[in-house]
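The values are calculated or read from the model by the stated rules, or taken from the named source; none is laboratory data. Bear in mind the structure is a predicted one, so any value in this text is a computation, not a measurement. Counting neighbours? That spans all protein chains shown, and the Cβs are built from the backbone with ideal geometry, glycine included. Heads up: the accessible areas ignore ligands, DNA and RNA and are worked out on the full protein's heavy atoms, side chains in. Shrake-Rupley method; radii C 1.70, N 1.55, O 1.52, S 1.80 Å.
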Amino acid sequence: MNDSYNAHYLFIAVFAGVAVVFPLLPLLIAKILAPKRPSQTKNDIYECGIEAKGDAWVQFRVGYYIYALVYVIFAVEAVFLYPWAVAFAGLSGGAFVAMMIFILLLVEGLAYAWMKGALDWK
């Protein structure tokens, strides 16, 4: 039984080793075999065929990030609600209560953002 037990750990160790070597080997081969001819043209900033003008670090209003975060919150809510709705008929009352608490927390967050004026477009 001890040999079988150790064989399982050996399998996991070999699998972990392959998982590390498999992605690193192509990177190492590319590093060794890739041509190295740096030039100013290759290092220039290029986007959509237009030469860059000015500083690339443009500051955006914080409001855009708040809208993005609110969107992500409700997109995650949809991801959790869909499987719950599909399996609704076979779920217990506890699952219903848990989902109602989840929805209540999200509605509370939306109400808080709304009352703070975070959703007002200025």
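Quick look at the values:
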| quantity | calculated |
| --- | --- |
| Residue list for segment 57-107, filter: under 30 Å from Ile45 (Cα atoms), surrounded by 10 or more Cβ atoms within 10 Å (Cβ to Cβ), without any contact (Cβ under 8 Å) to a residue 24 or more places away in the chain and not hydrophobic (A, V, I, L, M, F, W, C) | Tyr65 |
| Enumeration of residues in segment 108-119 that are open to solvent by 100 Å² or more (accessible area, probe 1.4 Å) and assigned to a loop (DSSP other than H, G, I, E, B) | Lys116 |
| Qualifying residue in segment 38-56 (condition: open to solvent by less than 60 Å² (accessible area, probe 1.4 Å), assigned to a helix (DSSP H, G or I) and out of contact with any Asp or Glu (no Cβ under 9 Å at 6 or more places or on another chain)) | no |
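Results for (1) charged (D, E, K, R); (2) within 24 Å of the chain's Cα centre (by Cα), shown as yes or no for each residue.
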| position | (1), (2) |
| --- | --- |
| Pro23 | no, yes |
| Lys31 | yes, no |
| Asp44 | yes, no |
| Gly63 | no, yes |
| Tyr67 | no, yes |
| Val70 | no, yes |
| Phe74 | no, yes |
| Ala95 | no, no |
| Ile103 | no, yes |
